[in-house]
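This report concerns only the one structure given below.
The values are calculated or read from the model by the stated rules, or taken from the named source; none is laboratory data. Predicted, not measured: the structure shown is a model, and the values here were computed from it. Backbone-built Cβ (ideal geometry, glycine too); neighbour counts: all protein chains shown. Surface accessibility is based on the protein's heavy atoms, side chains included, excluding ligands, DNA and RNA. Shrake-Rupley method; radii C 1.70, N 1.55, O 1.52, S 1.80 Å.
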Amino acid sequence: MKQEKNKTRDVITLGIFAHANAGKTTLTENLLYNTGAIDHIGKVDDGDTVTDSLEVEKRRGISVKASLISFDIDNNKTIQLIDTPGHVDFSSEVERSMAVLDCAVIVISAADGLEAQTYSLWKNLSKKDIPIIFFVNKMDRMGADYCNIIKQLRKEFSPNIASIIDVNKSKKGSITFSNPDDDDLLGCLSNIDDDILKEYVFSIDNKTKINKEWLDKKIYNLIQKQYFYPVIGGATLKNVGSKNLLDILSKYIFPYKREIDNSFCGFIYSVKVDGRIKHSYIKILTGEINIRDNINVGEGEFQQIKSIRKYSKGQLVSVKNAQSGDIVILTGLNVPCGSFVGEKGNSKLREQAFVKPLLNMNVNSIDDKSDNKLMDALKVLNEEDPYLNLRYNKRTKNILVTLMGEVQAQILETMLKERFGVEAVISNPVVICKEKPYKVSVGLASYTTVSAVSFKISPLEKGMGIVYKSETPTGTLHKKYQSQIKKLVKRYLKQGIYGWEVVDAEVILVDGKFDSMGSETHHFNIATPIALFRALKNSNVKVLEPICSFYLKVNKEHVSKVSQYLYDKGASCIVQNAANKKTNIKGEGRLSELLNLPVDLNKMTSGYGECFFEISKYRKAISYKENEYIGPDPRNETTFIIKDMDSSLRPLDAKFKKKIKGSSSKYMIAKRKKRIQAEKKLEKKMKKEDPPSP
């Protein structure tokens, strides 16, 4: 492998996004070819593109994993390009890639117009404050209408969208480019920027042209601040239009602001495992790193960097160091995908939440003798994507994973077979629900006469997650045990009374007891989950089910059939007219009822319907299945203590329950009174919140 002296260049991390089959991978090939990174343009159908390297990607013609490549666009600017999956089932991979971008290109098929997933891409990218360029592809196709696409973009997304290079198509299908009409581009920009408005009006009155260099600087700033979104077009199969995209990237996109003087911080957006070696794909947010540096990976643990590699001019090279803004591939780290490493800093990235899978599914090997091999393979895949959430139930012998949908399940089966030689079947999808307490409650447990804990659980408003607090002084309960208890609470709340994750609750350690001579870690391993679940059982826990919002695009002749289907599934919907002789249907319904919507829509429309749906909220479940409980189960105290913890029942609550009292200090009494008053108000509010659907 090449060894390169690391030069400081301006870098831009670019993501290319699209609905499936819009042409984003081919656009990537065009960019690489036109910058000299590759010597020929690969084709998706031929399976020889640079970024679709997996066998399943080549055969299916879709991207499954985010791929990294780089190329130079001028003397001192490098593009780090991430080609992302287009299918909705790989949303978590897409969102982690979005988290490290400086700019995004959304590819739209001119032949198909705005497709279902384009709406989600726009929403997620704009929410993350990422500058966006629209590339209208397949302009050589019959019926392609560049102006109509721009009208759709303005109507559906933002009025601050305009063509920056016009596309002209002859009757024979050839494509040429021209400067945009002043009334369109300058009219759009004038609505955004007062300085441009003054110059535009002045130029009309005096019949003069606006200074192009001045205008380019204005456009540069407006794009960077996400006030303006430029549109260009082309035909990637003919390598037409991609050079215009390179010019726009060079002229209008701001490179990453390097912060080398700050301490090191990085985000691992992807992980790939090759044999026993884990390759961590990391965007350096601040500072710099060198080979053999020991970096903080969390909770006081440091790990040493064994190697640093990066892409340079399309080639993977080894480097001795890297700086903020660079995306590099590290070895030596054993850290999950989606983790931060280094110092915390104030990165906006830390506040972002990533989409999580919707379904629990069983994985079974076709040959029982291959069970161990199957688990080893799934462990590798779980390292690459921790949202797979691999679990093994010792009681039922079931292997469980979490997935986004049927396509991801099919891809996972294929990868197990081709990459690991294991044939498996993934089946029995169950919609993932959540649990939430709706009442303030207390749970107390002691194990032996010297070790005890007491919790208070209170409901919180939607979206607040789990908040843990301790009101117990370390003199009452040693700091060592309090730290242990906090970890146990977080672990056991992953599976509540009905086996689902508990959300939107405050857990307070209100009291406890230990003895420096008699207390042991094992005592609190038993007392903590028992006290926690005693509180949960009295907190009026309700199961919340996911509600999905959907966007469908169907031919007019299929509207009646699709609408009736949605009505039968209990979904609400609105039918809207749309361009290209198609009808939009938007609405929402219970995910459990709409799980097969993509497959059923395909049948109802003979393959001509488009579907995109995402979770919009959670509400009290009308019906649900209890989740398969994994690991020690404190819901049944006898089984938990004797079988799971291999201990005796005798020390549980023995002669100790009455001895635990709250602090008698005036300060603690006043604090408890305030908390009780606040809890009563909260209970009244929670009773009104989120009534079940009829």
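Side notes on the structure shown:
- Unique match (being more than 21 Å from E93 (Cα to Cα) and at pLDDT 95 or above) among V450, V430, V442, V422: V442
- Being without any contact (Cβ under 8 Å) to a residue 60 or more places away in the chain, under 21 Å from E435 (Cβ atoms) and part of a strand (DSSP E or B) is true of K469.
- Residues satisfying the stated conditions in region 366-381, i.e. under 18 Å from E406 (Cα atoms) and surrounded by fewer than 20 Cβ atoms within 10 Å (Cβ to Cβ): L381
- Restricting attention to region 620-642 and to residues that are outside any loop (DSSP other than H, G, I, E, B) and closer than 25 Å to V401 by Cα, the residue that is least open to solvent (accessible area, probe 1.4 Å) turns out to be F640.
- Taken over region 394-420, the criterion of being open to solvent by less than 50 Å² (accessible area, probe 1.4 Å) and part of a loop (DSSP other than H, G, I, E, B) is satisfied by M404, G405.
- Region 173-217: number of residues that are part of a helix (DSSP H, G or I) and either in contact with a helix residue (DSSP H, G or I) (Cβ under 6 Å, 6 or more places away or on another chain) or open to solvent by less than 40 Å² (accessible area, probe 1.4 Å) (or both): 12
- When I585 is tested against (1) of a type in the set (V, I, T); (2) at pLDDT 95 or above; (3) touching a helix residue (DSSP H, G or I) at 6+ places or on another chain (Cβ under 9 Å), just one condition goes unmet, and that condition is (2).
- Considering region 472-499, the residues that are over 18 Å from M517 (Cβ atoms) and more than 34 Å from the chain's Cα centre (by Cα) include one that is surrounded by the most Cβ atoms within 10 Å (Cβ to Cβ), namely T472.
- As a summary of the residue check, E384 satisfies the conditions (1) touching a Pro at 6+ places or on another chain (Cβ under 8 Å); (2) open to solvent by less than 30 Å² (accessible area, probe 1.4 Å); (3) not hydrophobic (A, V, I, L, M, F, W, C) except for the one numbered (1).
- Residue within region 287-310 that is modelled with pLDDT under 90 and surrounded by 21 or more Cβ atoms within 10 Å (Cβ to Cβ) present: no
- Any hit, region 505-512, residues being among the small types (G, A, S), open to solvent by 40 Å² or more (accessible area, probe 1.4 Å) and out of contact with any Lys or Arg (no Cβ under 9 Å at 6 or more places or on another chain): no
- No other residue among G314, G342, G266, G241 is under 26 Å from the mean Cα position of the chain (by Cα) and at positive phi apart from G342.
- Restricting region 223-240 to residues that are out of contact with any helix residue (DSSP H, G or I) (no Cβ under 6 Å at 6 or more places or on another chain) and open to solvent by 10 Å² or more (accessible area, probe 1.4 Å), the residue that is farthest from T176 (Cα to Cα): K225
- Residue list for region 128-173, restricted to those being without any contact (Cβ under 8 Å) to a residue 24 or more places away in the chain and either in contact with a strand residue (DSSP E or B) (Cβ under 9 Å, 6 or more places away or on another chain) or among the acidic types (D, E) (or both): C147, R154, D166, N168, S170
- Selection of region 112-156 for residues being among the hydrophobic types (A, V, I, L, M, F, W, C), part of a helix (DSSP H, G or I) and over 23 Å from I82 (Cα atoms) yields C147, I149, I150, L153.
- Among the strands (runs of 3 or more DSSP E) confined to region 517-619, the ones with at least 1 residues that are charged (D, E, K, R) are located at 542-555, 582-590.
- Residue match in region 251-273 (condition: open to solvent by 10 Å² or more (accessible area, probe 1.4 Å), more than 23 Å from A18 (Cα to Cα) and part of a strand (DSSP E or B)): yes
- Annotation: of all residues in region 311-323 being at pLDDT 90 or above and either of a type in the set (A, V, I, L, M) or touching a helix residue (DSSP H, G or I) at 6+ places or on another chain (Cβ under 6 Å) (or both), the one that is surrounded by the fewest Cβ atoms within 10 Å (Cβ to Cβ) is V317.
- Total residues in region 74-111, condition at pLDDT 90 or above and either part of a strand (DSSP E or B) or among the aromatic types (F, W, Y) (or both): 11
- Annotation note: Cβ proximity below 6 Å between a residue of region 401-412 that is free of Cβ contacts under 8 Å to residues at least 60 places away in the same chain and a residue that is open to solvent by 10 Å² or more (accessible area, probe 1.4 Å) and polar (S, T, N, Q) (sequence gap 6+ or interchain) occurs for T402/N360; T402/N389.
- Among residues that are more than 25 Å from E95 (Cβ to Cβ), open to solvent by less than 30 Å² (accessible area, probe 1.4 Å), assigned to a loop (DSSP other than H, G, I, E, B) and at pLDDT 70 or above, S647 is included.
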